[in-house]
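Asks: One structure is given below, represented as structure tokens, and several questions about it will come after.
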Ligand code: AMP
Ligand code: MG
């Protein structure tokens, strides 16, 4: 049995080449840029006023009040204004070019219009360059403004629009397939017989993928039958990544591992010291990756977040795709038998002066109903058997942590 850290290293060193594609810039939200995007012009493109006021020469207004002749105006989109001479002021709006000759803009609040609008009285001095954003002060033409590897959010979309990038190169999305295994499974729209249950894992995993911006081909339920598994696995291997749930434990009818061997997949690990999720299997065939996740619903959910997410995230170009971690105070004593790193469900909130970790009263790794009360997991180190109330523990946030409410 390998540790969680060793499993992550194995995953890391078995990543296939990432794909790159070109998409319209508006569709690049959430993707990772695969090229360096450079400024196609200086921004601002001219000396830009950052306030409404009067462009002046600072030397003219050193000893206020000072009266200056209004020599014109500069408004955003109203053309490039004329040159300002000593003794003059030019009304200048936010976002408008500052006239040549002026070296500052005095804000409108420090100006009084007099003489029927012919003059302005400046009430306070102003420092050189005040309220002016110089040409190229935000970006110089040719500078890299978004480096390859940068994830696209709303601000990045704005930058692409600013520089006229209609299309951008981003890392591609891996094609993912999912199927569920188990003789006891029926679909959500079927009535289970007394010995059956509905397949929930496939839908849970598909929605976990969706939170990563990925879609999966769902290949259905496969019986605990070697031949059927073999056929479905071959279909799944046409995608880049195949995720299977169930059938990886040591039971009489857990055939997934056997079929991996039948199909000559290279099994890279098949048991991890994690709780829940010990029987997780990871295999590859060429550049195709296959995950065999345990069938217990919470085991499947947690092992997806711990092992599948980092792989898919890196294939999508992310440098650090793991779920974010932080620390918080445990609100109850917790015990476990040592030997495996446990990821236990909890409700984590900010209270008073820090994050508080309220462990869920759940029944087992099968209890997906109980798990709906969690917004995070906390980590129970594998060499410990007791975590005491008040102890600071490590938290792994669930992907929708910031939008979940109670
Ligand atoms: P297995 O990993 O196949 O031994 O399954 C472990 C437990 O998870 C059993 O109680 C299964 O009935 C249950 N299980 C397996 N697959 C699913 C699924 N797709 N949806 C819900 N429960 C499942
Ligand atoms: Mg099974």
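Asks: Could you please find all residues in the stretch 209-223 being touching a strand residue (DSSP E or B) at 6+ places or on another chain (Cβ under 7 Å) and either exposed (fewer than 15 other Cβ atoms within 10 Å of the Cβ) or farther than 21 Å from residue 276 by Cβ (or both)?
Replies: 214, 216, 217, 218, 219, 220, 221, 222
Asks: Kindly evaluate residue 302 against the criterion of being farther than 26 Å from residue 172 by Cβ, buried (at least 22 other Cβ atoms within 10 Å of the Cβ) and more than 16 Å from ligand 2 (Cβ to nearest atom).
Replies: The answer is yes for residue 302.
Asks: I'd like the residue in the stretch 232-253 that is more than 20 Å from residue 177 (Cβ to Cβ) and within 10 Å of ligand 1 (Cβ to nearest atom) and, out of all such residues, is surrounded by the fewest Cβ atoms within 10 Å (Cβ to Cβ).
Replies: In this case the residue turns out to be 250.
Asks: Return yes when residue 400 is in contact (Cβ under 8 Å) with a residue 12 or more places away in the chain, surrounded by 14 or more Cβ atoms within 10 Å (Cβ to Cβ) and under 29 Å from residue 289 (Cα atoms) and no when it is not.
Replies: The answer is no for residue 400.
Asks: Kindly check whether there is at least one residue in the stretch 181-194 that is under 17 Å from residue 31 (Cα atoms), more than 16 Å from ligand 2 (Cβ to nearest atom) and loosely packed, with under 15 Cβ neighbours inside 10 Å.
Replies: Checking the stretch 181-194: not a single residue is under 17 Å from residue 31 (Cα atoms), more than 16 Å from ligand 2 (Cβ to nearest atom) and loosely packed, with under 15 Cβ neighbours inside 10 Å.
Asks: A further question on this structure: Need a quick list: strands (runs of 3 or more DSSP E) entirely within the stretch 51-150 having at least 3 residues that are touching a strand residue (DSSP E or B) at 6+ places or on another chain (Cβ under 6 Å) and surrounded by 15 or more Cβ atoms within 10 Å (Cβ to Cβ).
Replies: Result: 53-56, 66-74, 88-92, 104-107, 119-122.
Asks: Which condition breaks for residue 326 when tested against (1) surrounded by fewer than 15 Cβ atoms within 10 Å (Cβ to Cβ); (2) not in a strand (DSSP E or B)?
Replies: Residue 326 satisfies every listed condition except (2).
Asks: Same structure, new question: Determine whether the stretch 199-212 contains at least one residue that is away from ligand 1 (no atom under 16 Å from the Cβ), under 22 Å from residue 312 (Cα atoms), assigned to a helix (DSSP H, G or I) and in contact (Cβ under 8 Å) with a residue 60 or more places away in the chain.
Replies: Yes; the residues of the stretch 199-212 include at least one that is away from ligand 1 (no atom under 16 Å from the Cβ), under 22 Å from residue 312 (Cα atoms), assigned to a helix (DSSP H, G or I) and in contact (Cβ under 8 Å) with a residue 60 or more places away in the chain.
Asks: Can you pull out the residues in the stretch 213-225 that are under 24 Å from residue 372 (Cβ atoms), away from ligand 2 (no atom under 16 Å from the Cβ) and not in a loop (DSSP other than H, G, I, E, B)?
Replies: Hits for the stretch 213-225 are 216, 218.
Asks: When the stretch 238-262 is examined, which residues are found to be more than 11 Å from ligand 2 (Cβ to nearest atom), over 13 Å from residue 201 (Cβ atoms) and either in contact with a strand residue (DSSP E or B) (Cβ under 7 Å, 6 or more places away or on another chain) or in a helix (DSSP H, G or I) (or both)?
Replies: 239, 240, 241, 242, 257, 258, 259, 260, 261, 262
Asks: Identify, by number, the condition in (1) in contact (Cβ under 8 Å) with a residue 24 or more places away in the chain; (2) more than 16 Å from ligand 2 (Cβ to nearest atom); (3) farther than 30 Å from residue 170 by Cβ that residue 365 doesn't meet.
Replies: (2)
Asks: Answer with yes or no whether residue 291 is within 30 Å of residue 169 (Cα to Cα) and within 16 Å of ligand 2 (Cβ to nearest atom).
Replies: Against the criterion (within 30 Å of residue 169 (Cα to Cα) and within 16 Å of ligand 2 (Cβ to nearest atom)), residue 291 qualifies.
Bear in mind that the values in this text are calculations on the coordinates, not laboratory data. Keep in mind that what you see is a predicted model, and the values were worked out from it rather than measured. Neighbour counts run over all protein chains shown; Cβ positions are idealised from the backbone, glycine included.
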